[in-house]
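What follows is a short report on a single structure.
The values are calculated or read from the model by the stated rules, or taken from the named source; none is laboratory data. All values derive from a computational prediction rather than experimental measurement. Here Cβ is always computed from backbone atoms with ideal geometry, including for glycine, and neighbour counts include all displayed protein chains. Quick note on the areas: whole protein, heavy atoms, side chains included, nothing else; ligands and nucleic acids left out. Shrake-Rupley method; radii C 1.70, N 1.55, O 1.52, S 1.80 Å.
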Amino acid sequence: MSSVRSSRVSPPTWRNWAGNQRAVPRRVLAPRGTEEVAAAVRDAAARGLTVRMTGTGHSFTGAAVAEGVLLRPDRLTAVRSVDTASGLVTVEAGLPLHRLNRLLDEHGLALANMGDIQEQTVAGALQTGTHGTGRDVAGLASQVAALELVLADGSTVTCSRTERPELFDAARVGLGALGVVTAVTWQTVPAFRLQAREEPMHWEEVLARLDELADANEHFEFYWFPHTEGCLTKRNNRTDRAAPLPAVRHWLDDEFLSNAVFGMLQRLTRRVPAAVGPVNAVSARALGARTYSDTSYKVFTSPRRVRFKEQEYAIPREHLVATLRELRTLFARRDWRISFPIEVRVLPPEDAWLSMAYGRRTAFIAVHVYHRNPHEDYFRGVEELMTAVGGRPHWGKLHTRDAAYLEKVYPRFADFTALRDELDPERRFANRYIAQVLGR
């Protein structure tokens, strides 16, 4: 057990990025490779402790909460191989997405699609189903070629579409419940540029043109500012042209307005809730139209420095417009003062068993509140609306669904839990959140 002792860290209180989840684990370890992860799992079993690998804490749920042994990914960041001919790139689980993006760019490669935050570790983002928006290209789970995992008995396995394919389909969005992911092999594509076209638009126009906008663009999303008619639409499409934002404009829009000023407005509306409507109206008008093109990951992602709490549901695409209208009706009926915009994205079907987009064209509706504001009533009302149309909650974002509900909306849920029973009968990788969503 010398490898376990050598990487041991004193156990401070762990908190997630939003500050709404915390834990004081029995032990904290920072393994330096797969063998040390395996040793830590075997040692935890001998002590009767559970094991969870944390990422960077960007999940709002308790997915990463470790009650027994907390494995930190800080030292599990090696780049194992880069094959520019095949596009296959293998990296260890703790490598942050922003470092992966730079690495790929240096080799003329890129992820085909990604979300708008790149601070997560590759394994953390993958295990919770991080997705982005796309007409043709799906989320991170659909861009994985192979996984390396340490199972509950301390053994190490590799899975892919041809090697243990059922484990591969289950473990790509596995919540860390089937094993500790120690390495990910990505199927990347040649590097490309995206042209971003951002344009304010009226609520009714967005809804009337929603199918047109989603079908005519490779990546489309929009934000609605509650209590107003204002939306901001975003269209990203491939281009050969390089026309990045001037440094001053990038700082003004993405740092000063979208972070510094936006954070100040959140603090203001927290103290003066009546200001939410006027502030949202100003925000909707302040974000003007702009068009630029740049390296793909620089267009997909944006800095997010204002802390918040979030709930996101994936619903069948055909219910999107009606659900959005119902959501707006809720604002008229409920005493909600919501200062964060509501985000809407789309995705094609995926085949990872617990992907929120499994087996259907999917629309995502995400709601947020400032991290110091109460969220319960707002999120509960939105959740009731989403579950009425068979919505699937994002695994890393706040919700109240349990296994009894989730088995009804995931066709392969029973297959996943059966595989979990086989691989982890003693629930070595469980915590309270995993027990909630997968059952005990």
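For the reader, a short list of remarks on this structure follows.
- Given (1) touching a Gly at 6+ places or on another chain (Cβ under 7 Å); (2) under 27 Å from H375 (Cα atoms); (3) open to solvent by 10 Å² or more (accessible area, probe 1.4 Å); (4) not small (G, A, S), number of the condition R22 does not satisfy: (1)
- Check on R235, in contact with a strand residue (DSSP E or B) (Cβ under 8 Å, 6 or more places away or on another chain), open to solvent by 50 Å² or more (accessible area, probe 1.4 Å) and either more than 30 Å from G62 (Cβ to Cβ) or assigned to a helix (DSSP H, G or I) (or both): no
- Failed item in (1) under 18 Å from V82 (Cα atoms); (2) open to solvent by 10 Å² or more (accessible area, probe 1.4 Å); (3) not hydroxyl-bearing (S, T, Y), with W186 passing the rest: (2)
- Counting the residues of the stretch 313-326 that are crowded, with 19+ Cβ neighbours inside 10 Å and assigned to a strand (DSSP E or B) gives 3.
- Filter result for the condition that a residue is modelled with pLDDT under 95 and either over 24 Å from the mean Cα position of the chain (by Cα) or surrounded by 18 or more Cβ atoms within 10 Å (Cβ to Cβ) (or both), over V9, V91, V28: V9
- The single residue among R304, R317 that is at pLDDT below 90 and of a type in the set (K, R) turns out to be R304.
- Selected residue [touching a strand residue (DSSP E or B) at 6+ places or on another chain (Cβ under 9 Å), of a type in the set (G, A, S) and more than 20 Å from V184 (Cβ to Cβ)] from A44, A110: A44
- Number of residues in the stretch 141-174 that are open to solvent by less than 10 Å² (accessible area, probe 1.4 Å) and either out of contact with any strand residue (DSSP E or B) (no Cβ under 7 Å at 6 or more places or on another chain) or assigned to a strand (DSSP E or B) (or both) equals 9.
- Of the residues making up the stretch 327-377, those that are more than 27 Å from G19 (Cβ to Cβ) and free of Cβ contacts under 8 Å to residues at least 40 places away in the same chain are T329, A332, R333.
- The set of residues from the stretch 189-221 being open to solvent by 70 Å² or more (accessible area, probe 1.4 Å) and under 21 Å from L140 (Cβ atoms) comprises P190, R193.
- Within the stretch 129-140, the residues that satisfy the criterion of being surrounded by 21 or more Cβ atoms within 10 Å (Cβ to Cβ) and of a type in the set (A, V, I, L, M) are A138, L140.
- All positions within the stretch 200-246 that are of a type in the set (V, I, T) and within 14 Å of E343 (Cβ to Cβ): V206, T233
- Of the residues examined, L265 is one that is over 22 Å from T362 (Cα atoms), in a helix (DSSP H, G or I) and touching a residue at least 60 places away in the same chain (Cβ under 8 Å).
- Among the residues of the stretch 116-128, the ones that are open to solvent by 10 Å² or more (accessible area, probe 1.4 Å), within 18 Å of A314 (Cβ to Cβ) and either in contact with a Phe, Trp or Tyr (Cβ under 6 Å, 6 or more places away or on another chain) or modelled with pLDDT of 95 or more (or both) come to 2 in all.
- Taking the stretch 278-312 as the range and being of a type in the set (G, A, S), in a loop (DSSP other than H, G, I, E, B) and open to solvent by less than 40 Å² (accessible area, probe 1.4 Å) as the test, the residues that pass are G288, S302.
- Candidates R304, R317 - the one that is basic (K, R) and touching a Lys or Arg at 6+ places or on another chain (Cβ under 6 Å): R317
- If you go through the stretch 394-408 and pick out every residue that is open to solvent by 30 Å² or more (accessible area, probe 1.4 Å), more than 19 Å from P316 (Cα to Cα) and under 20 Å from the mean Cα position of the chain (by Cα), you end up with 2.
- Test for T362: is it open to solvent by less than 20 Å² (accessible area, probe 1.4 Å) and among the hydroxyl-bearing types (S, T, Y): yes
- Checked against the criterion of being closer than 29 Å to A39 by Cα, among the acidic types (D, E) and over 22 Å from the mean Cα position of the chain (by Cα), the candidates E199, E166 yield just one match: E166.
- Of all residues in the stretch 409-428, those that are open to solvent by 70 Å² or more (accessible area, probe 1.4 Å) and within 21 Å of V180 (Cβ to Cβ) total 4.
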